[in-house]
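Below you'll find the structure, written out as structure tokens, and then a few comments.
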Amino acid sequence: SSPMIHIDPARTISRVDPRIYSGFTEHMGRCIYGGLYEPENPNQLADPNTGFRKDVLDVLRELNVPIFRYPGGNFVSSYRWQDGIGPKHLRPRRPELAWLTEESNLFGTDEFMQFCKEMNAEPYICLNMGTGTLEDALAWLEYCNSSANTHYANLRRANGHPEPYNVKYWSLGNEVWGPWQVGQMESHDYAKKAFQWAKALKLLDPKIQLISCGETGFTDWDRVTLKKLAPVIDYHSIHLYTVSEGNHAVNVMGPAAAEKGLEICKSLIDLAKIEAGLEKQVTVCFDEWNVWDPVRAPGEKGAEEHYDLSDALAVASWLNVFVRKADIVKIACIAQSVNVISPIITSPEGLFKQTTFYPLKLFATLMQGTSLNIHVASPQYTGKTVPEWVEKLENGNGGDEKLTKYIDVSAVLSDSKDEIRVAIVNRNATEAYTVPIRFGPVCDVLETVKVHEVWSADLKDNNGWDGERVHTVEKELPWTGEYLVKEHSFQLLVFKLK
Ligand code: AHR
């Protein structure tokens, strides 16, 4: 059908939780070492007191990241957190089993807390349910949060940190279902163990919020673990990466699988709550998402994906999903924040912003407020939405046509209630469309519209040390009631209400 967007600010979905623009810093590749932390930087780019890269922190600040997840990822499943505290010269080097490297432990819990403080972000710790014991987990929680006169709280004080960090978010293991995970478990075994961990952790600190280890939101693992854990958790985590295999349509339609996963996960949460007679809120923490082709950018080699315009459009579509699903997704962490499948690439000399940085920044800055239930008519994409090699793992969008429109849109009403902001991705590689945008029935907009556009002539255009071909262009245009979206483009339109 011909494209058309109809927006009624009275038709609200839910408040967009600012925490959907969160980040993730894993001990993986050059995310921490050589990324955000590089005390020996030869070009004086590091803060002499903390060792943090000043330029990296400045650019991350532009993204206004509310929460950072840490320390993994797969890394956490053989991580001994006790190795990463205290005098640095006494910290042991250890073999590292997720990415088969060596861990120096020069960056650990206290450095991460300092990083979060400087970023004005909240820390989120993922617990080791691989080699780690419940005793280790309780000790970590005590070290971070306790103000008692007990061993690990006193150890934190002895290490120079008198005040507890009050870490609110704790998750019960990472991808415990995955064959690559140290300590992989069957769903029932994990659920039983995580239940006991949750009980003990909340006894030590009832103020924390717990996150169960889910899969994609639409698997039997999710069903089984939610059924058992819903009474003791606050969020269920989901991970999903989309990949292109060189096919733009697959790249930009991939996030439809996440949208479908969220719809199914919401129902699984409802079911678990009904079965357990729960009134409390359980929502989704989508704590790993992004475009990642692990064949092109293998984890063992640091997963330094080099993104192009097509990937930037895929990221914009991902974020549209989170805004549309604001009722169920309350936290989402892009994986990851520096160098590793990241919007920022560093070298000892500096950094550049990848194509994906630009839609992410626009969303984090402007797509805040209340998500609106808009009506979108659009020409329909037909074809596969996941590449061959993951088809069996992630069953795409389940054939749901509403998730694969070429014109992909989300909209918010600003908190001040005087602006409507509309994020539009044209996922068609070759066709531009004129899209009428109607407001109403009882609202109208001013005569001009502010446009933030991410576009480039070639879908393969990317950013690098030789320049940023893909970035945001801003313009103010007279509003005529319709907008010409270029082929393969992203635009965020800001309308002022009359
Ligand atoms: O983000 C990279 C890796 O992807 C994480 O370590 C793991 O949890 C996932 O498989």
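The values are calculated or read from the model by the stated rules, or taken from the named source; none is laboratory data. None of these values were measured; they are calculated from a predicted model. Every residue, glycine as well, gets a Cβ built from its backbone with ideal geometry; the counts of neighbours run over all protein chains shown. Note: areas computed on protein heavy atoms with side chains; ligands, DNA, RNA excluded. Shrake-Rupley method; radii C 1.70, N 1.55, O 1.52, S 1.80 Å.
For the chain, what does the accessible surface come to per residue with a 1.4 Å probe? Please give it in Å².
That works out to 39 Å² per residue.
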Notebook entry, point to check: Just the Cα atoms of segment 59-167: what Rg and Dmax do they give in Å?
Noted result: 14.0, 40
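R0 = 30 Å: FRET efficiency of Glu474 with Ser416, Cβ-based, nearest 0.05? Don't skip to the end; give the middle numbers.
Values: r = 20 Å, r/R0 = 0.67.
Rounded to the nearest 0.05, the efficiency is 0.90.
Work out the FRET efficiency for Glu279 and Asn159 from their Cβ-Cβ distance, taking R0 = 45 Å, and round it to the nearest 0.05. Intermediate results must be reported in sequence, preceding the final value.
Working: r = 41 Å, r/R0 = 0.91.
Here the calculated transfer efficiency is 0.65.
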Checklist line | Segment Ala200-Asn49, length gained on full extension (0.36 nm per residue, minus Cα span) | finding: 50.7 nm
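Please give the contour-minus-distance gain from Thr150 to Thr382: 0.36 nm per residue of separation, less the Cα-Cα distance, rounded to one decimal in nm. Mind showing how you got there, number by number?
Details: separation 232, 0.36 × 232 = 83.52 nm, distance 6.12 nm.
Gain on stretching Thr150 to Thr382: 77.4 nm.
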Check: Which lysines have a Cα less than 18 Å from the Cα of Lys266, not counting those fewer than 8 places away in the same chain?
Finding: Lys227, Lys228, Lys280, Lys325, Lys330, Lys402
Next item on the list: Quick one: give the max-minus-min coordinate of the C-alpha atoms of segment 287-369 along each principal axis, largest first, in Å.
Entry: 39, 25, 21
Notebook entry, point to check: Kirkwood Rh over Cα pairs of the chain into Stokes-Einstein at 20 °C, 1.002 mPa s: D in µm²/s?
Noted result: 92 µm²/s
Item checked: 5 angstrom amide H check on Tyr307, placed H, neighbours 5+ away -> Thr355
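With r defined as the distance between the Cβ atoms of Glu482 and Ala457 and R0 fixed at 25 Å, what FRET efficiency is calculated, to the nearest 0.05?
Using R0 = 25 Å, I get an efficiency of 0.60.
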Checklist line | Accessible surface ranking that places the most exposed of Tyr433, Tyr143, Tyr165 first, with a 1.4 angstrom probe | finding: Tyr165, Tyr433, Tyr143
Note to self: Over segment 375-497, what is the relative contact order in percent, taking alpha-carbon pairs closer than 8 angstrom and at least six residues apart?
What the structure shows: 30 percent
Next item on the list: Pairs to check: Lys54/Lys207; Lys260/Lys405; Lys260/Lys301. Give those whose C-alpha atoms are more than 25 Å from each other in this structure.
Entry: Lys54/Lys207; Lys260/Lys301
Item checked: Residues whose placed amide H lies under 5 Å from that of Val449, excluding near-sequence neighbours -> Leu477, Trp479
Next item on the list: Provide Ser147, Ser104 ordered by accessible surface of protein heavy atoms (probe 1.4 Å), highest first.
Entry: Ser147, Ser104
Notebook entry, point to check: Local charge sum around Ala303 (other residues, Cβ-Cβ under 13 Å, Lys/Arg +1, Asp/Glu -1)?
Noted result: -3
Note to self: Cut-off 18 Å, label point 7 angstrom out along Cα-to-Cβ of Asp220: give me the residues of segment 226-241 whose amide nitrogen falls inside.
What the structure shows: 226-229
Item checked: 19 Å cut-off, amide nitrogen to a point 7 angstrom out along Ser347 Cα→Cβ, residues in segment 446-488 -> 462-470
Checklist line | Percent of beta bridges antiparallel (DSSP, the chain, rounded to nearest 5) | finding: 65 percent
Item checked: Paramagnetic reach from Asp400 (point 7 Å along Cα→Cβ, amide N under 20 Å) across segment 355-378 -> 371-378
Next item on the list: Using the Karplus curve 6.51 cos²θ - 1.76 cosθ + 1.60 with θ = phi - 60°, work out ³J(HN,Hα) for each residue of segment 118-130 in order, rounded to whole Hz, and write x for Gly and Pro.
Entry: 5, 8, 6, 10, 8, x, 9, 9, 9, 7, 7, 9, x
Margin query: Charges at C-beta only: +1 for Lys and Arg, -1 for Asp and Glu. How large is the resulting dipole of the chain about its Cα centre, in Debye rounded to 20?
Written below: 1180 debye
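If I compute solvent accessible area with a 1.4 Å probe over the protein chains, what percent of it on the chain is carbon and sulfur? Walk me through the intermediate numbers first.
On the way: 10060 of 19190 Å².
Percent of accessible area from carbon and sulfur atoms in the chain: 52.
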Next item on the list: State the Cα centre-to-centre distance between segment 420-466 and segment 123-164 in whole Å.
Entry: 47 Å
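Going by average Cβ neighbours within 10 Å, how do the peptides 227-235, 354-362 rank, with the highest at the top?
On the way: 227-235: 21.1, 354-362: 25.0.
Highest-to-lowest ranking by the protection proxy: 354-362, 227-235.
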Checklist line | Other-chain or far-sequence residues with amide H under 5 Å of Glu482's (modelled H) | finding: Ile437
Item checked: Note, ³J(HN,Hα) from phi for segment 56-69, Karplus 6.51, -1.76, 1.60, rounded to Hz, x at Gly and Pro -> 5, 5, 4, 6, 5, 4, 4, 8, 6, 6, x, 9, 10, 8
Margin query: With θ taken as phi - 60° and the coefficients 6.51, -1.76 and 1.60, list the Karplus ³J(HN,Hα) couplings across segment 219-232 in order, rounded to whole Hz; mark glycine and proline as x.
Written below: 10, 5, 4, 4, 4, 5, 6, 5, 4, 7, 9, 3, x, 10
Margin query: Given the -39500 (n - 2.57) contribution per DSSP H run of 4+ residues, what per-residue ellipticity at 222 nm results for the chain, rounded to the nearest 500 deg cm²/dmol?
Written below: -8000 deg cm²/dmol
